[in-house]
Amino acid sequence: PASAQERGPEAVSAEVLQAAVDRLGTLDYSVRMNASRTIRRAPPAQAVPGLTRAVAEHADGYVRFRALVLLTGFKDPRTADVMRGLLADPNNRLREVAYAWYEHHQSPGIVPELLVAAEREQDEFLRPALIRALAAHGSVAAVAEGACGTASAATVAPPAAQTANAVHRLRRTVLRFG
C-alpha cells in the first residue's frame, strides 16, 4: 500500500480540520503532531483558509503560531498578506515567523514596513530575525531605494533626501541592534 505522502492530499471535513487546528496547542506532543499531520495532508484549498482564519482569530496565541508555521509550508500567494499584517502583532512568535518569512521571500514593497518595525521592535530575540530580513533585501542602497518608493515619502522630501534618510535609519537600526 502507498504511504500517505504518495497518495496526495486527503480531504477532511471542516469539523475535522477545525478540531485539528484546536489541537495544535495541546501539551501532548503526539496529539499536536497528529493534528499537524492532518492539516498538512489536507488539500491546500481547504487547509489554507482554515489556517489563515486560525492565525487571525484563534484565542490561543500558541495555536496562532503553530497555524502560521503550517501555513508557510503551503506556499500559497495569500501568505504574503497574512505576514504583512503580522509585522505589528503583539504576539512575538508571530512576528518572528513573519520576519523569517520575509528573509526568504524578498519583496521590495515590504522594506518600508520592515524599517518601521526595526525602529519599533523591542524584543532582543526578534531583532536578529528582523535585521536578517532587511539584509536579505540587498545592500543598504537597495533597502533605501525600497524605503523611498512609497508615495508618502515622495511627497515629503526630494529623492536624495529620502535616500539619505532611509540609509540613516537603517544604519542607526543596525548599529543599535547589531
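The values are calculated or read from the model by the stated rules, or taken from the named source; none is laboratory data. Keep in mind that this is a model prediction, so the values were computed, not measured. Every residue, glycine among them, receives a Cβ derived from its backbone with ideal geometry; neighbour counts consider all protein chains shown. Accessible surface is based on the protein model in full, side chains and every heavy atom, while ligands, DNA and RNA are left aside. Shrake-Rupley method; radii C 1.70, N 1.55, O 1.52, S 1.80 Å.
For R127, state whether it is basic (K, R) and either exposed (fewer than 15 other Cβ atoms within 10 Å of the Cβ) or at pLDDT 95 or above (or both). Here the answer is no, as R127 does not meet what is asked. Inspection of the range 93-112 finds no residue satisfying the criterion of being open to solvent by 80 Å² or more (accessible area, probe 1.4 Å), modelled with pLDDT of 90 or more and among the aromatic types (F, W, Y). I need every pair where a residue in the range 113-135 that is among the charged types (D, E, K, R) has its Cβ under 7 Å from the Cβ of a residue that is open to solvent by 60 Å² or more (accessible area, probe 1.4 Å), sequence separation at least 6 or different chains. Partner pairs satisfying both residue conditions: E113/R84; D123/N92.
For A147, state whether it is modelled with pLDDT of 90 or more, out of contact with any Ser or Thr (no Cβ under 7 Å at 6 or more places or on another chain) and open to solvent by less than 30 Å² (accessible area, probe 1.4 Å).
The answer is no for A147.
Picking from residues in the range 47-73 that are surrounded by 18 or more Cβ atoms within 10 Å (Cβ to Cβ) and not aliphatic (A, V, I, L, M), the one that is farthest from G109 (Cα to Cα) is H58.
Restricting the search to the range 78-92, which residues are of a type in the set (G, A, S) and either closer than 14 Å to L130 by Cβ or open to solvent by 80 Å² or more (accessible area, probe 1.4 Å) (or both)?
A88
Here's the yes/no breakdown for (1) touching a helix residue (DSSP H, G or I) at 6+ places or on another chain (Cβ under 8 Å); (2) in contact (Cβ under 8 Å) with a residue 24 or more places away in the chain; (3) closer than 26 Å to A118 by Cα:
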site: E15; (1), (2), (3): no, no, no
site: R23; (1), (2), (3): yes, no, no
site: S30; (1), (2), (3): no, no, no
site: R53; (1), (2), (3): no, no, no
site: F65; (1), (2), (3): yes, yes, yes
site: V69; (1), (2), (3): yes, yes, yes
site: R84; (1), (2), (3): yes, yes, yes
site: Y99; (1), (2), (3): yes, yes, yes
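Can you pull out every residue in the range 19-29 that is open to solvent by 50 Å² or more (accessible area, probe 1.4 Å) and either part of a loop (DSSP other than H, G, I, E, B) or more than 11 Å from V63 (Cβ to Cβ) (or both)? Selection gives L27, D28, Y29. With respect to the numbered conditions (1) over 25 Å from A135 (Cβ atoms); (2) hydrophobic (A, V, I, L, M, F, W, C); (3) touching a Leu at 6+ places or on another chain (Cβ under 7 Å); (4) at pLDDT below 95, which one is the sole condition not fulfilled by V12? Here V12 clears every test but (3).
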